[in-house]
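Below is a structure I'd like to ask you about.
The values are calculated or read from the model by the stated rules, or taken from the named source; none is laboratory data. All values derive from a computational prediction rather than experimental measurement. Every residue, glycine among them, receives a Cβ derived from its backbone with ideal geometry; neighbour counts consider all protein chains shown.
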Amino acid sequence: MLLSDKEAERLYIKASMGGMTIGQLMESFAQDLICGSYTNGSDERDLANMWYDRCGFDMPPGFLSHTLTYKGEEGVRGLVRGWENLKEAEERLAGGIEEFWDQEDMDGEAEDARQGRLELEEVYHRYEVREGVRGPGLNEEIKDLIRWVEDLDALLDSGAPS
């Protein structure tokens, strides 16, 4: 959504009235919204979050939303790392014995991959039970987690929100 010229002008005037640029005004509001390092006070944090809640900006229900709510960013990253490790192991295993030192090494990696998949599937199953839903499955839902991590990393790499 873009601002009309008139809306942009009104925003510029509002920011100027406070001795700020539009960017500084938005950053100040964002600090309150996320309870950042430089907030304008507890009332402002409460009001910014009440505004957010009333606007209905919550994520749609799903595995990503659930994981962020209960495990945060590191929980999402951990699941993505586990998935990536699993996929790498499965690729090596598909390459056959030539990819390993010997059969014992291959069998060990196959067991690790099996355990890794079971752990990921168990996390997903607990989500379905807790939320009382039957999702499309881990293979589909993990795509949202991967995309979210990639988007966050791109944001952090660019140094500016998109």
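Run MET1 past the list (1) modelled with pLDDT under 95; (2) more than 28 Å from GLY72 (Cα to Cα) and report the number of the one that doesn't hold.
(2)
Considering only residues that are closer than 30 Å to LEU64 by Cβ, part of a helix (DSSP H, G or I) and free of Cβ contacts under 8 Å to residues at least 12 places away in the same chain, which ones fall in the range 95-134? I'd like the intermediate steps shown before the answer.
Filtering the range 95-134 for residues closer than 30 Å to LEU64 by Cβ gives 109-134.
When the remaining residues are screened for being part of a helix (DSSP H, G or I), the result is 109-131.
Listed by number, the residues that qualify are GLU111, ARG114, GLN115, LEU118, GLU122, HIS125, ARG126, GLU128, VAL129.
Within the range 47-64, can you find the residues that are in contact with a helix residue (DSSP H, G or I) (Cβ under 9 Å, 6 or more places away or on another chain), assigned to a helix (DSSP H, G or I) and more than 14 Å from ILE146 (Cβ to Cβ)?
The initial filter retains those residues of the range 47-64 that are in contact with a helix residue (DSSP H, G or I) (Cβ under 9 Å, 6 or more places away or on another chain), namely 47-49, 51-52, 58-59, 61-64.
With assigned to a helix (DSSP H, G or I) added as a condition, the list becomes 47-49, 51-52, 63-64.
Of everything in the range 47-64, those that are in contact with a helix residue (DSSP H, G or I) (Cβ under 9 Å, 6 or more places away or on another chain), assigned to a helix (DSSP H, G or I) and more than 14 Å from ILE146 (Cβ to Cβ) turn out to be LEU47, ALA48, ASN49, TRP51, TYR52.
Here's another thing I want to ask about it. Looking at SER162 and the list (1) in contact with a Gly (Cβ under 9 Å, 6 or more places away or on another chain); (2) farther than 15 Å from THR67 by Cα; (3) modelled with pLDDT under 95, which single condition is not satisfied?
For SER162, the exception is condition (1).
Restricting to the range 13-52, give me the number of residues that are surrounded by 11 or more Cβ atoms within 10 Å (Cβ to Cβ) and either of a type in the set (S, T, N, Q) or within 23 Å of GLY159 (Cα to Cα) (or both).
Residues that pass the stated criteria total 21.
Here's a follow-up. Does GLY159 satisfy being closer than 30 Å to PHE29 by Cα and surrounded by fewer than 11 Cβ atoms within 10 Å (Cβ to Cβ)? Reasoning before the result, please.
Values: closer than 30 Å to PHE29 by Cα: yes; surrounded by fewer than 11 Cβ atoms within 10 Å (Cβ to Cβ): yes.
Considered against the rule, which asks whether it is closer than 30 Å to PHE29 by Cα and surrounded by fewer than 11 Cβ atoms within 10 Å (Cβ to Cβ), GLY159 comes out as yes.
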